[in-house]
Amino acid sequence: MDKEVRPMLTAKELVDHLESKGIKFELISKDEAVKYLKDNNNYFRLASYRKSFPKYENGVNKGKYIKLDFKMLTDLAIIDMRLRNVLLEIAIDLEHYVKVKMLSVVEENFKDGYRIIEEYIQFLKDRNEYDALEREINQNEDGTYCGEIIKKYCNDYPIWAFIELITFGRLVSLYQFIAYKINDFKMQKNTNLLKDIRELRNACAHNNCILNDLRTNTTNQNPHYGIIFDLEKIGISKVVRDKKLSNMRIKQIVSLLYFNKETTTSSGILQHQKEELYKFVNRIKRSINYYDGNEIVQTNLNFIIKIIENWY
């Protein structure tokens, strides 16, 4: 079957198309919307935020969006950009402290920084997964930042050098290996947090939209027990917890904010993160009233605000 080839529409045609779907142009004019699409954002990204807005299920407006103005889409795009920037910075800080704590655990349990990497590599070979690691390292062999480390140790890496060469995903894999090697239950549970954080970190780094789908039941994975306990402490009910954390994107955001506050030990870094997070919160509050008619968007944004204001 031949695939459907959609014509490339002009900015004006795209605005007309959105209007035909019930999207209003009351908070922003159609001319301003055309200019926005030409100069500031592409239609594909902007339109993705429609997922969180309900549609009429019957009547003359069946299939059209309810109380959705084009300005709301642009507002969510800006809020999302601010969120990606602050979360990526937090994730990078957190990565550093995960490495610091891993080194401390290895020093305490193994006394040998080389043997643990030898055992990890053998573990990968036994599972036929070593080739992927080899490719990851070899692609940086001539690189400006890792090339000298690779040449110096020549496949005989101590952990303090190894963790400077690997991706965040590989770091999570090593963390999990160590957790099970020393039978540390807390580290084992933290591995699931890190897997969520890895996906969110990569999405932020690749500038993917985060807040463009806030619908419930996009994951059936249970949140970390520490998250449940800390949300309960700040007065978030089980009903609300279950509902909000059933969205994978919200669950990943909460996982990052939770694990960061539990892991990062520098008061200076935490203070800087707090300042950036509060700038983000203030940006949400500027336009939160736009979403008075949208329970999904407004309650999720308020959920994020409450977590930041209580945890940071």
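Here the chain is treated as a Stokes sphere of Kirkwood radius computed over C-alpha pairs; at 25 °C and 0.890 mPa s its diffusion coefficient rounds to 111 µm²/s.
Cβ-Cβ distance of LYS125 and ASP184, R₀ of 22 Å, FRET efficiency by 1/(1 + (r/R0)^6): the value works out to about 0.40.
Here's the list of lysines a cross-link from LYS12 could span, going by alpha-carbon distance under 26 Å and ignoring same-chain residues fewer than 8 apart: LYS3, LYS21, LYS24, LYS30, LYS35, LYS38, LYS51, LYS55, LYS62, LYS64, LYS67, LYS71. Taken along its three principal axes, the alpha carbon spread of the range 214-255 comes to 25, 16, 15 Å, from the longest extent down to the shortest. For helix 30-39, report the angle its Cα long axis makes with the longest principal axis of the Cα atoms of the chain; keep it between 0 and 90° and round to the nearest 10°. That helix lies at roughly 30 degrees to the long axis.
Ignoring solvent entirely, what values of log10 I(q)/I(0) come out of the Debye formula for the range 11-73 at 0.12, 0.17, 0.27, 0.29 Å⁻¹ when each Cα is a single scatterer? These q points yield log10 I(q)/I(0) values of -0.27, -0.53, -1.23, -1.37. Entry note, the chain: the mean residue ellipticity at 222 nm calculated from DSSP H runs of n ≥ 4, each adding -39500 (n - 2.57), is -20500 deg cm²/dmol after division by the residues and rounding to the nearest 500. If you line up the long axis of helix 248-263 against the longest principal axis of the chain, both from Cα atoms, how many degrees apart are they, to the nearest 10? For helix 248-263, the angle is close to 40 degrees. One way to sum up the overall shape of the range 9-146 is the equivalent ellipsoid from its Cα gyration tensor, whose semi-axes run 51, 17, 17 Å, largest first.
Positive end of the dipole of the chain (Cβ unit charges, origin at the Cα centre): among TYR56, ASN247, TRP160, the Cα lying farthest that way belongs to TYR56. The alpha carbons of the range 174-312 give a radius of gyration and a Dmax of 15.6, 52 Å, in that order.
What do the square roots of 5 times the Cα gyration tensor eigenvalues come to for the range 154-205, in whole Å, largest first, as semi-axes of the equivalent ellipsoid?
Working: eigenvalues 77, 65, 6 Å².
They are 20, 18, 6 Å, listed largest first.
Only the coordinates and a few stated rules stand behind these numbers; no lab work does. Small disclaimer: the values here were computed from a predicted structure and weren't measured. Using ideal geometry, Cβ is built from the backbone for each residue, glycine included, and neighbour counts are taken over all protein chains shown.
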